[in-house]
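So the structure is just underneath, and the comments pick up after that.
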Amino acid sequence: MDEMKRKLRAHYGDNKRIVGDDYDKSLAVKCLNGTFVGKKTDNVIAYRGIPFVARQPVGDLRWKAPVEYVPDDGIYEAYYYAKSAYGKDEFEDGSHCYQSEECLYLNVWKTAESADEKKPVMIWVHGGAFEMGTTLDPMFDFVNFLNENPDVIVVSIAYRLGVFGFFHLSHLPDGKDYQDSHNLGLMDQMMALKWVHENIAAFGGDPDNITLWGESAGAACVTLLPLIEGSQKYFKRVIAQSGTPSLTRNPEDAIECTNEMLEILGCKSVEDLKKIDAKMFVEASSAITLKVAPERDGKYLPLNPYDEYAKGAAKDIIFLQGCNKDEMNTFMLDHGEEAFSMWAADRKQKRLAKLPDEDKKLVESFCNDMNKKGLDGDIRLLEQAWFNGALIRISESQTMAGGKSYTYFFTVESSVPGLKSGHAIELPAVCGNPEMAVGGGRAFDETFSKTMRKMWVQFAKTGNPSLTADISPDGRPKEWPLYEIENRKVMVLDESDIHPEKESEINIVDWKRIYPLTEHYWL
């Protein structure tokens, strides 16, 4: 943790406008909204804190759509990360000192040498349950990743979180001018994608070969973005680690969540809410933990994303997606098993009340079976609904509609007691920062980790994550089959043996009792 804080502090600071010629021209990139001067580490140049909007969402722009950036001939430092969006993360001494509503910035990593051809681009969307997370996290510093894989460019993008990015307001007496407030986080991401599409060529990137890449809430985002009108001109591939459209909510739940916050804060209108200090929102938001998410409003997002996938809405986008073997173990350790079990039981009962009788029987059968095995049935139900079953439904829908999906099942276990193959434990290996192991656990096998990174990069380059022997870190080919309805093969990411296997052999999802329930949403 001390090393993490040290790395983070090294990138604190305010980027200033540069006057005169006293800067390194070899580190400067001219974009439409300014020339940005980066910093070089090893062979990688990082451009941190580039704004992708003309005005930050503060004051009268709180809960308003992002403002498109405008041309600018100025020269600016891109040495430091911008402040993070307000969320539940804590920095430095346990405060929120490096957070701000002025948060719509992105970061670019590229290698220093010039290339004959434009490079594929990978756009990272961080997770954090839509209520925390940041591009500042040292886990998401891609210097090591680029030193090892210099043939791509990586971009990380910020977006508004919690009640600043996903807050239903249009039902309030003065809410008619806030029709977008419940999906602003996604709108921020769309604006960032637009900036990348229009400016990445200046960094040596190929605007026609862009892969969206996210984990957890970030993965949910990158599975929702293809369904937003006009989005697909900005990317052609998606990598989704442990996140799907199941992590969304309907308008009724969104309104209930807003009303809960209104009661806590003593507010009755948008004007009342605009007077509240941002930090007070963060403190009050503990009451709505794991309830904030994008809204399936039938306008910006479809009412049923899975139906849209089945209809072929994203059939031209190639997917690489998967889940971990023990996703919910991370949540249990974070919140405490007893507290999280109580939360899961409450969530199940509220959702159960709205289900048809036949589906209620499926839920109870599954939970009773898990309980008999010594597992918490309610928790395993949500694990299957949020991650496993939802993952397979996307793979099935995408494939049946004529699209392509490469699907994986991550089985490596942490050394942290009880964590096993929990949510997010693959991040240090995939991002190239093994010292950031989740929970302070062990670093995974180096060759295995390099192989994962190489497959991710190969997918971004070609649309196929398979590796030939000459580029595979262990010298052995890795043939990753497409998911097909007939045999349902997935790639098992095992530390000692990466191999394809039929889903029926590893039982990612309970097909009889859980898969039918993916028609419902359990957040």
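Residue by residue through region 163-179, note down the ones that are open to solvent by 10 Å² or more (accessible area, probe 1.4 Å) and not in a loop (DSSP other than H, G, I, E, B).
The one that is open to solvent by 10 Å² or more (accessible area, probe 1.4 Å) and not in a loop (DSSP other than H, G, I, E, B): 164.
Of the residues that make up region 288-306, is at least one closer than 30 Å to residue 483 by Cβ, charged (D, E, K, R) and within 20 Å of the chain's Cα centre (by Cα)?
yes
Residue 301 versus (1) open to solvent by less than 20 Å² (accessible area, probe 1.4 Å); (2) in a helix (DSSP H, G or I): which is the lone unmet condition?
Every condition holds for residue 301 apart from (2).
From (1) exposed (fewer than 14 other Cβ atoms within 10 Å of the Cβ); (2) closer than 30 Å to residue 228 by Cα; (3) modelled with pLDDT under 95; (4) of a type in the set (D, E, K, R), pick out the condition that doesn't hold for residue 316.
(3)
For region 184-198, what are the residues that are touching a helix residue (DSSP H, G or I) at 6+ places or on another chain (Cβ under 9 Å) and not aliphatic (A, V, I, L, M)?
185, 188, 189, 194, 197
Only one of (1) among the hydroxyl-bearing types (Ser, Thr, Tyr); (2) more than 13 Å from residue 145 (Cβ to Cβ); (3) assigned to a helix (DSSP H, G or I); (4) touching a helix residue (DSSP H, G or I) at 6+ places or on another chain (Cβ under 6 Å) is not met by residue 449, so which one is it?
Just one mismatch for residue 449, condition (2).
Can you pull out the residues in region 36-78 that are of a type outside the set (Lys, Arg), open to solvent by less than 20 Å² (accessible area, probe 1.4 Å) and within 22 Å of residue 146 (Cβ to Cβ)?
Result: 36, 37, 38, 44, 45, 46, 47, 49, 50, 52, 78.
Could you check region 167-199 and list, in sequence order, the residues that are of a type in the set (S, T, N, Q) and over 20 Å from residue 128 (Cα atoms)?
Passing the criteria: 170, 179, 199.
Within region 414-436, count every residue that is of a type outside the set (D, E, K, R) and closer than 22 Å to residue 44 by Cβ.
Total satisfying the criteria: 9.
Can you name the residue in region 477-523 that is among the charged types (D, E, K, R) and in a strand (DSSP E or B) and is also farthest from residue 378 (Cα to Cα) among such residues?
478
Among 379, 317, which is the only one that is more than 30 Å from residue 181 (Cα to Cα) and of a type in the set (A, V, I, L, M, F, W, C)?
Sole residue among the options that is more than 30 Å from residue 181 (Cα to Cα) and of a type in the set (A, V, I, L, M, F, W, C): 379.
Which one of these is within 23 Å of the chain's Cα centre (by Cα) and at pLDDT 95 or above: 67, 58?
67
Restricting the search to region 452-476, which residues are assigned to a loop (DSSP other than H, G, I, E, B) and in contact (Cβ under 8 Å) with a residue 12 or more places away in the chain?
Once the filter is applied, which keeps residues that are assigned to a loop (DSSP other than H, G, I, E, B) and in contact (Cβ under 8 Å) with a residue 12 or more places away in the chain, region 452-476 yields 463, 464, 465, 466, 471, 472, 473, 474.
Restrict the check to region 208-216 and report whether at least one residue is open to solvent by less than 40 Å² (accessible area, probe 1.4 Å), in contact with a Ser or Thr (Cβ under 8 Å, 6 or more places away or on another chain) and closer than 23 Å to residue 151 by Cα.
yes
Is it fair to say residue 442 is of a type in the set (Lys, Arg) and under 27 Å from residue 304 (Cα atoms)?
The answer is no for residue 442.
Can you name the residue in region 136-146 that is open to solvent by less than 10 Å² (accessible area, probe 1.4 Å) and not in a helix (DSSP H, G or I) and is also nearest to residue 103 (Cα to Cα) among such residues?
136
Per-residue answers, yes or no, for (1) assigned to a loop (DSSP other than H, G, I, E, B); (2) closer than 20 Å to residue 192 by Cβ; (3) modelled with pLDDT of 95 or more:
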residue	(1), (2), (3)
218	no, yes, yes
238	no, yes, yes
243	yes, yes, yes
254	no, no, yes
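Consider residue 309 against the criteria (1) outside any helix (DSSP H, G or I); (2) open to solvent by less than 50 Å² (accessible area, probe 1.4 Å); (3) not aliphatic (A, V, I, L, M): it satisfies all of them except one. Which criterion is unmet?
Result: residue 309 fails condition (1) only.
The rows are residues; the columns are (1) surrounded by fewer than 24 Cβ atoms within 10 Å (Cβ to Cβ); (2) of a type in the set (A, V, I, L, M); (3) more than 14 Å from the chain's Cα centre (by Cα).
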site	(1), (2), (3)
189	no, no, no
231	yes, no, yes
238	no, yes, no
245	no, no, no
259	yes, no, yes
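Taking residue 454 as the residue in question, decide whether it is within 20 Å of residue 481 (Cα to Cα), at pLDDT 95 or above and not hydrophobic (A, V, I, L, M, F, W, C).
Yes: the conditions hold for residue 454.
Could you grab me the full set of residues in region 261-296 that are surrounded by 19 or more Cβ atoms within 10 Å (Cβ to Cβ) and outside any helix (DSSP H, G or I)?
291, 292, 293, 294, 295, 296 - these are the residues of region 261-296 that are surrounded by 19 or more Cβ atoms within 10 Å (Cβ to Cβ) and outside any helix (DSSP H, G or I).
The values are calculated or read from the model by the stated rules, or taken from the named source; none is laboratory data. Remember, predicted model here, so these are calculated numbers, not experimental data. Note that we place each Cβ from the backbone using ideal geometry, even for glycine, and neighbour counts take in every protein chain shown. These accessible areas exclude ligands, DNA and RNA; they are computed on the full protein's heavy atoms, side chains included. Shrake-Rupley method; radii C 1.70, N 1.55, O 1.52, S 1.80 Å.
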